[in-house]
Amino acid sequence: MIARLHSAAVNGIDGYEVMVEVDMQPVKDVGRILIVGLPDTAVRESVQRVTSALKNSHFFCPGELIVTVNLAPADMKKQGPGFDLPIALGLEMTIQRHYDNIPAADKRRVPLHTDDWCIIGELALDGMVRGVRGVLPQAVAARDAGRKYLMVAAENAAEASVVEGITVYGVESLAEAWALLLERERFEPCRPSATVEGVAADVDFDEIKGQPYARRAMEIAAAGGHNLLFCGSPGSGKSMLSRRLPTILPPLSQEEALSVSKIHSVCGLLPRNCGLLSTRPYRAPHHTISDVGLMGGGSNITPGEISLAHHGVLFLDELPEFSRRTLETLRQPLESGVVTISRASGSMDFPCDFMLVAAMNPCPCGYLGDPRHNCRCNHTDIARYRKKISGPLLDRFDMIIEVPPVDPAELLSRPDGENSATVRARVVAARARQMQRYAGLGVSCNARLSVKLLRRFCPLSPSQQGMLLSAVEQFGLSARAFDRILRVARTIADLAGRDVPSDNDLFEAIQFRQFENNLRA
């Protein structure tokens with residue numbers, strides 16, 4: 001009789017159920033274990049881990065067996081060591097039921113009802129159960145497949161327990177897993193854990209000295225989900241400003257937290273004993289990052305930095321130092337909020353709805369326009385440096401901010417600006433207005449407004465139309481920049497509690513595009 005157990009795997013960032021079937025045949029010579037069903041190297045190596053774990057856990061595991069393990073569906077590639085535990089349990093169940101030469105001391109009672117279980121875990125050689133990546137989406141898949149109970153490593157239990165509709169048990173050893181299948185009532189299920197803090201808890205908005213223009217821009221960007229580009233000389237505070245942006249963003253909703261946590265779970269970045277991430281992610285990859293590292297991909301397709309920044313902030317410091325090819329790959333995901341990775345084996349869609357925040361110097365040496373330093377760059381060097389950022393990419397920033405050097409006298413003064421909590425309260429109120437306005441339209445913030453909805457919710461008076469057209473002609477702005485000005489104006493009005501953008505709101509939004517003309521020169 002074949003032993004059948006249920007497990008799960010990950011395809012992209014979504015889980016799917018896997019049936020683990022174990023069959024054995026006694027032989028007179030040396031046996032072997034064969035795993036079929038498109039296993040990768042990590043799955044094939046489970047043979048050595050499973051046999052050692054069974055022996056070191058004092059389970060009966062004779063060597064004269066031919067064991068076939070089938071992982072169904074057989075047409076999907078299986079990755080990772082998460083099948084170790086169900087394979088070991090299925091092998092021992094088969095041996096105990098059908099092997100005739102088991103010594104009386106090694107006879108064990110066999111679990112009878114396993115159809116309600118989904119089992120996931122890696123085995124150490126001594127029989128201990130280790131955690132694996134991607135347990136959160138696998139738990140969702142197990143629940144959707146109708147499983148009532150989920151068995152995972154103890155270190156993964158908190159992560160899996162946030163999924164409603166399935167009871168999660170954490171085990172630390174193979175022996176404990178066997179006992180759990182026999183007498184579930186003796187074990188206490190894992191309770192859903194509280195969410196954990198995210199990044200940026202150690203910084204605050206009131207630490208920013210000077211830079212009132214940049215602080216205002218950050219508040220508007222946070223309130224509307226807008227993309228932001230800082231341009232200034234070294235030491236003016238561009239990186240410091242961006243690091244504090246997540247502290248004024250609204251908290252993640254339950255749906256957003258689940259989506260973000262799934263991506264981090266698949267990448268193995270969810271903190272241990274973590275439920276759901278509660279704060280928005282902040283990712284700051286180095287400028288040497290590859291296309292695959294930024295967008296996602298690889299032989300086993302995994303999410304990249306733009307997906308890890310989903311519902312959060314992607315900060316690109318020293319923007320012109322990034323490969324131009326790498327930067328150009330951002331253009332389509334910034335518009336659609338989804339990146340499609342296509343390979344010969346197939347294609348996968350990863351969510352990437354993020355705020356792009358970038359920083360750059362005005363020239364190669366960094367001191368163009370700095371009153372305290374002389375710029376050493378000629379016009380050709382400056383033009384070549386700025387040319388690394390294409391016009392289409394520059395168009396995708398809603399606001400382009402010049403960050404001047406901070407007056408040394410301000411560095412010695414006590415901070416007099418608002419703290420993150422105060423600014424965040426206004427941001428949350430503005431986002432609430434947007435959620436109410438766009439209820440049922442599939443839009444979460446002003447930055448995601450389609451052109452049709454933008455015309456509907458941001459009407460302009462004849463004088464405002466003239467003001468905007470004049471700015472477009474004066475600064476040489478594109479149609480995309482035209483729409484982005486309207487979205488920013490809509491956000492400024494929301495921060496002020498106005499139903500319709502005023503002339504001052506529109507003028508302020510135009511001011512945030514004024515510096516763009518300098519970068520195109």
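The values are calculated or read from the model by the stated rules, or taken from the named source; none is laboratory data. These figures come from a predicted structure and were not determined experimentally. Cβ atoms come from the backbone with ideal geometry, glycine included; neighbour counts cover every protein chain shown. These accessible areas exclude ligands, DNA and RNA; they are computed on the full protein's heavy atoms, side chains included. Shrake-Rupley method; radii C 1.70, N 1.55, O 1.52, S 1.80 Å.
Determine the shape class of region 185-322: with a ≥ b ≥ c the square roots of the Cα gyration tensor eigenvalues, call it rounded for a/c under 1.5, and otherwise prolate if a/b is greater than b/c, oblate otherwise. Cα axes put region 185-322 in the oblate bin.
Going 7 Å from the Cα of I66 toward and past its Cβ, which residues in region 6-47 have a backbone nitrogen under 12 Å from where you end up? Counting only backbone N, you get 24-34.
Any idea what the dipole of the chain comes to, in debye rounded to 20, about its Cα centre with Lys/Arg Cβ at +1 and Asp/Glu Cβ at -1? Please list the in-between numbers first.
Values: 58 positive and 60 negative charges, 209 e Å.
About 1000 debye.
Scanning residues 5 or more positions from V171 or on other chains, those with amide H under 5 Å from its amide H are V152, A153, A154, with H placed 1.01 Å from N in the peptide plane.
For region 220-353, the relative contact order works out to 20 percent when only alpha carbon pairs closer than 8 Å and six or more residues apart are counted. In order along region 314-328, the phi-based Karplus estimate (6.51 cos²θ - 1.76 cosθ + 1.60, θ = phi - 60°) of 3J(HN,Hα) comes to 10, 9, 10, 7, 6, 3, x, 7, 5, 4, 4, 4, 5, 5, 5 Hz; Gly and Pro are listed as x.
Helical content of the chain, expressed as a calculated mean residue ellipticity at 222 nm, amounts to -10500 deg cm²/dmol (DSSP H runs of 4 or more residues, -39,500 (n - 2.57) each, divided by residue number, nearest 500).
Each residue, R97 and L454, gets one label point 7 Å from its Cα in the Cβ direction; the gap between the two is 6.2 nm. Shape class of region 285-326 from the Cα gyration tensor (axes a ≥ b ≥ c, square roots of the eigenvalues): oblate, since a/c reaches 1.5 or more and a/b does not exceed b/c.
May I ask you to compute the full-extension gain from N300 to L34, defined as 0.36 nm times their residue separation minus their alpha-carbon distance, rounded to one decimal in nm?
Numbers: separation 266, 0.36 × 266 = 95.76 nm, distance 2.27 nm.
Working it through step by step, the gained length comes to 93.5 nm.
Could you compute how fast region 257-345 diffuses translationally, taking Rh as the Kirkwood radius over C-alpha pairs and applying Stokes-Einstein at 4 °C with viscosity 1.567 mPa s? Give it in µm² per second. Walk me through the intermediate numbers first.
Values: Rh = 13.8 Å.
Approximately 94 µm²/s, per Stokes-Einstein.
Each Cα pair under 8 Å and six or more residues apart adds its sequence gap; the mean of these over the residue count of region 103-203 is a relative contact order of 26 percent.
Heavy-atom accessible area with a 1.4 Å probe sorts H58, H264, H311, H379, largest first, into H379, H58, H311, H264. In the full protein context, region 73-165 carries 40 Å² of accessible surface per residue, based on a 1.4 Å probe and ignoring ligands, DNA and RNA.
Over the chain, Cα pairs under 8 Å with separation of 6+ residues give a relative contact order of 13 percent.
What translational diffusion coefficient, to the nearest whole µm²/s, does region 215-296 have by Stokes-Einstein, given a Kirkwood radius computed over alpha-carbon pairs, a temperature of 10 °C and 1.306 mPa s viscosity? Intermediate results must be reported in sequence, preceding the final value.
On the way: Rh = 14.9 Å.
Rounded, D is 107 µm²/s.
What label, among (1) 25.1; (2) 27.4; (3) 25.9, belongs to Kirkwood radius over Cα pairs in Å computed from the structure on display? After the calculation, the listed value that fits is (3). Pop out the carbon and sulfur fraction of the accessible area of region 319-377 as a percent, whole number, probe 1.4 Å. C and S atoms contribute 45 percent here.
Charge dipole (Cα centre; +1 on Lys/Arg Cβ, -1 on Asp/Glu Cβ; no other charges) of region 397-521 amounts to roughly 800 debye. Under the convention that each Lys and Arg Cβ holds +1 and each Asp and Glu Cβ holds -1, the size of the dipole of region 1-90 around its Cα centre is about 220 debye.
With both labels modelled 7 Å from their Cα along Cα-to-Cβ, the S463 to R44 distance reads 7.6 nm.
Please compute the length gained on full extension between H58 and T340, using 0.36 nm multiplied by the number of residues separating them and subtracting their Cα-Cα distance. Working shown, then result.
Values: separation 282, 0.36 × 282 = 101.52 nm, distance 4.79 nm.
Extending this stretch completely gives an extra 96.7 nm.
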